[in-house]
Amino acid sequence: MVVVGSGAIGVEFAYVYSSIGVEVTIVEFLDRIVPNEDEEVSKTLEKIYKKKGIKVMTSAEVTNVDTKGDGCKVTVKTKDGEEKIDCDIVLSAVGVVSNVENCGLEDVGVLVDRGKIKVDELYKTNMPGYYAIGDVVPGPALAHVASAEGIICVENIAGQNPDPLDYNNIPGCTYCLPEISSVGFTEAKAKEAGYEIKVGKFPFSASGKASAAGAKDGFVKLIFDAKYGELLGAHMIGYNVTELIAEIVAIRKLETTGHEIIKTVHPHPTMSEAVMEAAAAAYGEVIHL
Ligand SMILES: Cc1cc2nc3c(=O)[nH]c(=O)nc-3n(C[C@H](O)[C@H](O)[C@H](O)COP(=O)(O)OP(=O)(O)OC[C@H]3O[C@@H](n4cnc5c(N)ncnc54)[C@H](O)[C@@H]3O)c2cc1C
């Protein structure tokens, strides 16, 4: 199977099929897989996938799929020239678009801009009585975002006074193995935004719970604003890390600082200790590394 695109959906399906014995090649246009994640997460996942036998082609573009005859012949343009891959199935995990056509939006005059319905921060469209939430409006196309938007939208219609959604504090989770989760700035984006940063990383190879679970791959990486101690971003790869990210979202929502995280006692042995340890690493106070 050739999987086109290595965003969350691409790497998830690559993992699923590979784990049931399918020979999988991922083709990614950009220079690393899961390109929206922190670079170190991409590198770690690529290494683990290659060890599992998943072939990873980056800086590579699928330019043609020939479906004549049996199976498919995929043409891939790489830095070193063109390559043809014979496979049974091509799984396209790129180009998800909102379904806003042919559902009568034009008839009622609801405005669509670059494929998304235009709404204000409480999801009102330009037409009175028409609201839109979820994948059809700008913002990350995620189930929990759609749900939060729906609640805010209806609370507003019901005359309550909801706060708009903070799109800077939306967690993203990828259900491959090991899992990936993240929220906020990557290290590169934080630097780009002009922050002076402190970065702390704690590998699961140093975690007792991860060792006991036989899941020592991966790490928790936290990025702090050096000036005020604000947690700008968190990036995790490892066993069950999609369960760890909610703590980070709450930390960011409550504007908790690095030192407050270090002084928050985490239970032992848990994977969650890695959050406290990563904060300690950022401030040169880590004990268990
Ligand atoms: C493969 C895949 C994996 C994903 N995994 C995750 C994940 O792990 N976590 C996560 O948070 N998000 C995930 N997502 C994204 C998530 O599914 C969407 O963000 C979420 O479903 C958006 O909700 P929604 O209500 O806007 O749209 P949808 O859930 O798509 O609901 C829209 C509904 O409207 C119906 N519809 C469309 N047009 C019409 C019409 N004209 N009349 C009547 N009904 C209509 C559709 O049939 C559909 O049932 C995934 C998406 C894909 C494709």
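At a glance:
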quantity: Residues of the stretch 77-92 satisfying the condition of being surrounded by 11 or more Cβ atoms within 10 Å (Cβ to Cβ) and closer than 15 Å to residue 24 by Cα; calculated: 85, 86, 87, 88, 89, 90, 91, 92
quantity: Residue within the stretch 151-173 that is touching a residue at least 12 places away in the same chain (Cβ under 8 Å), of a type in the set (A, V, I, L, M), at negative phi and open to solvent by 80 Å² or more (accessible area, probe 1.4 Å) present; calculated: yes
quantity: Leading residue by the ranking (nearest to residue 123 (Cα to Cα)) among those in the stretch 150-198 that are within 12 Å of the ligand (Cβ to nearest atom) and of a type in the set (Val, Ile, Thr); calculated: 170
quantity: Test result for residue 64, in contact (Cβ under 8 Å) with a residue 24 or more places away in the chain, farther than 30 Å from residue 200 by Cβ and either surrounded by fewer than 13 Cβ atoms within 10 Å (Cβ to Cβ) or not assigned by TED's automatic domain parsing to the domain that holds residue 215 (or both); calculated: no
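The values are calculated or read from the model by the stated rules, or taken from the named source; none is laboratory data. Here the structure is a predicted model, which is why all the values come from computation and not from measurement. Because the Cβ atoms are built from the backbone with ideal geometry, glycine has one as well, and the counts that use them run over all protein chains shown. Only protein heavy atoms, including side chains, enter the accessible area calculation; ligands, DNA and RNA are left aside. Shrake-Rupley method; radii C 1.70, N 1.55, O 1.52, S 1.80 Å.
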